[in-house]
Amino acid sequence: MEQVILPDAINLEDDAVAILWEDAHRSPFPHRYLRLACPCANCVDEM
């Protein structure tokens, strides 16, 4: 069985949303990347 690693913190940075994990790994997601990946009607064709 795989070990589940949960988020320890979620931080809003100037250019990204960063998730800090229990194992000290950091996963930054740039704002533009998140917006381009969003399928909602408000975001589609926005960029």
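Just so you know, all these numbers are worked out from the coordinates, no wet-lab data involved. Every value quoted in this text rests on a predicted model; they were computed, and no experiment measured them.
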Amide proton proximity set for Phe29, modelled H, under 5 Å, gap of 5+: Val17, Ala18, Ile19
Starting at 0 and stepping by 10 Å, how many percent of the alpha carbon pairs of the chain end up in each bin? 25, 36, 28, 11, 0
